[in-house]
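Asks: Before anything else, here's the structure in question.
The values are calculated or read from the model by the stated rules, or taken from the named source; none is laboratory data. No experiment lies behind these values; they were computed from the predicted model shown. Neighbour counts are summed over all protein chains in view; Cβ atoms, including those assigned to glycine, are modelled from backbone coordinates with ideal geometry.
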Amino acid sequence: MTATATRPPAVAAPRGPGHGNALAGTGTLVRFNLRRDRIRLPVWIGSLLLVTLASVSSFTSQYPEAEDRASVKETLEGPAGLAMTGPEHYLAGDYTYGAMTAHQMIGFMGIAIGIMSVLTVVRHSRTEEETGRAELLRSSVVGRHAHMTAALIVAAAANAVLGLLLAAALTGLGVDSITANGSLLYGAGSAAVGITFAAAAALTAQITPFARGAAGLGMAAVAVAYTLRAVGDVGTGAFAWLSPIGWAQRTYPYVDDRWWPLLLNVALAAAGVAAAFWLSTRRDVGAGLRPPRPGRAVAGGTLTTPLGFAVRLHRGVLTGFAAGGLLFGLMYGSILGDAEDLLAENDQLRRTVEQLGGDLVESFASVIMSLLAVVAAAYVVMATLRARSEETAGRAEPVLATGLSRARWLGGHLAVALVGGTLIMVLAGVGFGVSGAASADDTGLLGSLTLASLAYAPALWTTAGIAAVLFGWFPSASAAAWAVPAYGFFVTALGEVVDLPDWLYNLSPIGHVPQVPAADLNWAPLVVLTALGAVLIPIGLLGFRRRDLDTK
Amino acid sequence: MTEATNAITVSGLVKTFGRTRALDGLDLEVASGEVHGFLGPNGAGKSTAIRVLLGLLRADAGTASLLGGDPWHDAVQLHKRLAYVPGDVELWPNLSGGEAIDLLAKLRGGLDPGRRDQLIERFDLDPTKKGRTYSKGNRQKVALVAALASDADLLLLDEPTAGLDPLMEVVFQDVIGEAKQAGRTVLLSSHILAQVEKLCDRISIIRLGRIVQSGTLSDMRHLTRTTIEAETERPVTGLAELPGVHDVDAAHGTLRFSVDGRHLDGAVRRLGEFGIRSLISHPPTLEELMLRHYGDELKAMESNNGAGAAR
């Protein structure tokens, strides 16, 4: 008796509406996704691993003695230090290399791991739907949930591989306090953060029909999680318990080695995935949750001007960033009072700061201000590169075949980037000032913080100039402009932890801005940055006018 | 037809993308007021040529003149006098079709609202839908309405009806006919041969970045073989030896052969000597003309005019 003989004929085997059907083709899609990501994911994982190992080895070389570590610990006890690293509990005992690694790296790396996961999931789900490629595949034997499942499996696998490699590599360093057990927890925590944000991206990919929007919302979730933990670590810990990054930090690898906070990550990820699958059954392929509403039959007066057209295209993202900037400002401002309390509790810290002739609240404020400037710079890059995505999507072509010149077309996008970026920065400053003044009980902060935010505007203009030059002269490399905000964040965060040489700061436009309100306002760098922007933007325009348009 | 009345004059145009030579010495003349068919297989360089004419791409060599101006340097001034319909129309997801029409037409320099509404009605387009929700054909209608609602002297249409249904195809042909009546020049790239046959005064066939044939349809027919079917009183002899006669087949009582246009006279005279009972002549269809240029026969043709092929 052979197996074939006992099997019912194929036609008589209708497959029920169960999961076997909805997931058909998942395995093939997973392999396909891995094939498409065969360079991208190894680069992500490799660089994250490398940055972690390089940081740990810089700890061991920079702080060889116990007293060196004790002095770092002291600087990190301030609100700025805590906001940029992690919870104070890491500082409670001996600040070993292990404690240092977990304290300083989890939050920082959590952002990068979160972004990797969000981009991976959106790339394999909503992007495929938006471009219509998913439709083509869905018409073959591919189940309803196969795309999202395959995207999540690939993202989870990438995180698992990263976690295991981190655990193995950190253990392999052979540093005393970096135990195998702690390293395993560190790796698991990193993977858990990534998987949580992968689930968040699965959810955002259901909400909006646009891949760009889904990725943006997912990254906003990462930013909110980071902010919540920063606010929680400086002020009351309650906020940090709302953050997936905060949970991973509270496993205290190498210090307490407790695993249970990761259950929160797992639970939230499971809930997110379940919600995403449920939502996906309530919408059509390619559609968002809301059916598209009909628009106006005739264009309004402002739309048909070059600037009005650009504003219309940027409206949604700009509004989102402006609201986000204001919100972040308000959140960070709310802990300015806590920052003062922290100072009052810590005599040694207060003396150090007083010796330096600074005001602790102000130095904290200026660090936060750099962080807010990174957010505004990210917007500036996104807005400038919108021109590139219009071009590659084939939407620039019909417009540039009208009486609209290339310079005016790109100029419209740049105008939104310049004014919008400045607006976001000022709104963040106002939010920071309003809630800072309230929490620290110092109305003077409102004015000084708002003005301080303006000092960052020239750095944003330079950022726009860099993006414009890349777009004009090296269009296929224009995504390199993202290095400006990424590097800006890198030096801002790292600068709190280690003494960076000046030239590292100076590589970032944001690093050139005087640290107002802590430092005096020095006009020279602001004039130089403004001039740089004023030179780079015309250079970019010139390049764009000389090159071929990329057409579909 | 003199130089001054040409809407488009292109000579020796070369455009390379990396190692690909998209345009390889393209020569093209489009007279003012004519509808000019631009035919060629996929990837022959039609869209590249149109984009060079729009100043979206910069030619590597050769000259191009459009409405008396330089397409690259005078792009913006020229764009105010022309309208373009791309083959692949992409619309903004958050703009309605009506908004996109107004945007494109007004950026070009204004539109006639009456004509806009009339075209929307004729093309049966819902202007309130958002860009994403349009089908390919409806996106194309948006671009067509935007192009035709303005007073452009020159229409550059790159496969404008690839997604339209047959009813809309008729509307399109009517509208282009009206544009021609109004004295506008049209460069129409298309694969729909019936459309080209109906609308176009002259045709240029492009292959591998070069024009392989250009002229009116009847000119082209003359240059190509005609198929003859004949019955004669007596069996015909000596036909195959005549110049320009090919594929002689007398197997089934009916004589069939093809003959080059310029040797038609000699062949029919010879038939006459044997008493013609019936005579059917098939001029080459546009399809046959095209197949001749798309297909294998091109190789033979290229070796004939070796000077061009050697480039």
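Asks: Considering region B:152-167 alone, what residues qualify as being surrounded by 23 or more Cβ atoms within 10 Å (Cβ to Cβ) and free of Cβ contacts under 8 Å to residues at least 40 places away in the same chain?
Replies: B:T161
Asks: Among the residues of region A:494-537, how many are of a type in the set (D, E) and surrounded by 14 or more Cβ atoms within 10 Å (Cβ to Cβ)?
Replies: 1
Asks: If a residue must be assigned to a helix (DSSP H, G or I) and over 14 Å from A:L372 (Cα atoms), how many such residues does region A:488-508 contain?
Replies: Result for region A:488-508: 9.
Asks: Is it the case, given these coordinates, that A:G511 is part of a helix (DSSP H, G or I), over 15 Å from A:M369 (Cβ atoms) and of a type outside the set (S, T, N, Q)? Please lay out each step first, then the result.
Replies: On the way: part of a helix (DSSP H, G or I): yes; over 15 Å from A:M369 (Cβ atoms): no; of a type outside the set (S, T, N, Q): yes.
So A:G511 fails the test.
Asks: Say whether the condition of being surrounded by fewer than 18 Cβ atoms within 10 Å (Cβ to Cβ) and within 27 Å of A:L242 (Cβ to Cβ) is met by at least one residue in region A:54-71.
Replies: Scanning region A:54-71 turns up no residue that is surrounded by fewer than 18 Cβ atoms within 10 Å (Cβ to Cβ) and within 27 Å of A:L242 (Cβ to Cβ).
Asks: When you scan region A:251-258, do you find a residue that is in contact (Cβ under 8 Å) with a residue 12 or more places away in the chain, assigned to a helix (DSSP H, G or I) and more than 14 Å from chain B (Cβ to nearest Cβ), even just one?
Replies: no
Asks: Can you tell me which residues in region A:387-399 are within 14 Å of chain B (Cβ to nearest Cβ), in contact (Cβ under 8 Å) with a residue 24 or more places away in the chain and of a type in the set (D, E, K, R)?
Replies: Residues satisfying the conditions are A:E390, A:E391, A:E397.
Asks: Oh, and also: Tell me which of these B:L78 doesn't satisfy, since it passes every other one: (1) over 24 Å from the mean Cα position of the chain (by Cα); (2) in a helix (DSSP H, G or I); (3) free of Cβ contacts under 8 Å to residues at least 40 places away in the same chain.
Replies: For B:L78, the failing item is (1).
Asks: How many residues are under 21 Å from A:S370 (Cβ atoms) and assigned to a loop (DSSP other than H, G, I, E, B) when one looks only at region A:206-242?
Replies: 1
Let's see how each residue does on (1) in contact (Cβ under 8 Å) with a residue 40 or more places away in the chain; (2) within 12 Å of another protein chain (Cβ to nearest Cβ); (3) within 14 Å of A:P398 (Cβ to Cβ):
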position	(1), (2), (3)
B:I120	no, yes, no
B:P127	no, yes, no
B:K130	no, yes, no
B:G137	no, no, no
B:A147	yes, yes, yes
B:E169	no, no, no
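Asks: Among the residues of region A:49-57, is there at least one that is among the hydrophobic types (A, V, I, L, M, F, W, C), at pLDDT below 90 and in contact with a Leu (Cβ under 7 Å, 6 or more places away or on another chain)? Full working, then the answer.
Replies: Residues of region A:49-57 that are among the hydrophobic types (A, V, I, L, M, F, W, C), as a first pass: A:49-51, A:53-54, A:56.
If we keep only those that are at pLDDT below 90 too, we end up with none.
No: region A:49-57 contains no residue that is among the hydrophobic types (A, V, I, L, M, F, W, C), at pLDDT below 90 and in contact with a Leu (Cβ under 7 Å, 6 or more places away or on another chain).
Asks: Only one residue in B:K130, B:K180 is within 29 Å of A:G288 (Cβ to Cβ), crowded, with 17+ Cβ neighbours inside 10 Å, more than 14 Å from the chain's Cα centre (by Cα) and not hydroxyl-bearing (S, T, Y). Which one?
Replies: That would be B:K130, the only listed residue that is within 29 Å of A:G288 (Cβ to Cβ), crowded, with 17+ Cβ neighbours inside 10 Å, more than 14 Å from the chain's Cα centre (by Cα) and not hydroxyl-bearing (S, T, Y).
Okay, residues lined up against (1) at pLDDT 95 or above; (2) within 14 Å of chain A (Cβ to nearest Cβ):
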residue: B:N6; (1), (2): no, no
residue: B:G18; (1), (2): no, yes
residue: B:L26; (1), (2): yes, no
residue: B:V52; (1), (2): yes, yes
residue: B:A64; (1), (2): yes, no
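Asks: Might you let me know whether region A:528-538 holds any residue that is polar (S, T, N, Q) and not in a helix (DSSP H, G or I)?
Replies: No, region A:528-538 has no match at all.
Asks: Of the conditions (1) within 14 Å of chain B (Cβ to nearest Cβ); (2) surrounded by 22 or more Cβ atoms within 10 Å (Cβ to Cβ), A:G431 satisfies every one except a single condition; which number is it?
Replies: (1)
Asks: Mind listing whichever residues of region B:71-113 are facing another protein chain (nearest Cβ under 8 Å) and among the acidic types (D, E)?
Replies: B:D88, B:E90, B:E99, B:D102 - these are the residues of region B:71-113 that are facing another protein chain (nearest Cβ under 8 Å) and among the acidic types (D, E).
Asks: How do the pairs read when you match residues in region A:290-304 that are more than 8 Å from every other protein chain (Cβ to nearest Cβ) with residues anywhere that are outside any loop (DSSP other than H, G, I, E, B), using Cβ under 6 Å and keeping only pairs 6 or more apart or on different chains?
Replies: A:T302/A:G308
Asks: Additional query: Here is a list: A:T319, A:T402, A:T384. Which entry is within 14 Å of another protein chain (Cβ to nearest Cβ), in a helix (DSSP H, G or I) and of a type in the set (S, T, N, Q)?
Replies: A:T319
Asks: Here is a further query. Give the residues of region A:220-237 that are of a type in the set (A, V, I, L, M, F, W, C) and under 14 Å from the mean Cα position of the chain (by Cα), sorted by residue number.
Replies: Keep residues of region A:220-237 that are of a type in the set (A, V, I, L, M, F, W, C), which gives A:220-225, A:228, A:230-231, A:234.
Of everything in region A:220-237, those that are of a type in the set (A, V, I, L, M, F, W, C) and under 14 Å from the mean Cα position of the chain (by Cα) turn out to be A:A220, A:A221, A:V222, A:A223, A:V224, A:A225, A:L228.
Asks: Check A:A378, A:A417 and return the single one that is more than 14 Å from every other protein chain (Cβ to nearest Cβ) and touching a Ser or Thr at 6+ places or on another chain (Cβ under 7 Å).
Replies: Numbers: A:A378 fails: touching a Ser or Thr at 6+ places or on another chain (Cβ under 7 Å).
So the residue among A:A378, A:A417 that is more than 14 Å from every other protein chain (Cβ to nearest Cβ) and touching a Ser or Thr at 6+ places or on another chain (Cβ under 7 Å) is A:A417.
Asks: Would you say A:T75 is closer than 27 Å to A:V222 by Cα, at pLDDT 95 or above and assigned to a helix (DSSP H, G or I)?
Replies: no
Asks: For A:L91, are the conditions met, namely being modelled with pLDDT of 95 or more and at negative phi?
Replies: no
Asks: Only one residue in A:G488, A:G540 is under 15 Å from A:A407 (Cα atoms), crowded, with 22+ Cβ neighbours inside 10 Å and away from chain B (no Cβ under 14 Å). Which one?
Replies: None of the others qualify; the one that does is A:G540.
Asks: Looking at region A:271-293, is at least one residue buried (at least 18 other Cβ atoms within 10 Å of the Cβ) and outside any helix (DSSP H, G or I)?
Replies: Within region A:271-293 (the criterion being buried (at least 18 other Cβ atoms within 10 Å of the Cβ) and outside any helix (DSSP H, G or I)), the answer is yes, since at least one residue qualifies.
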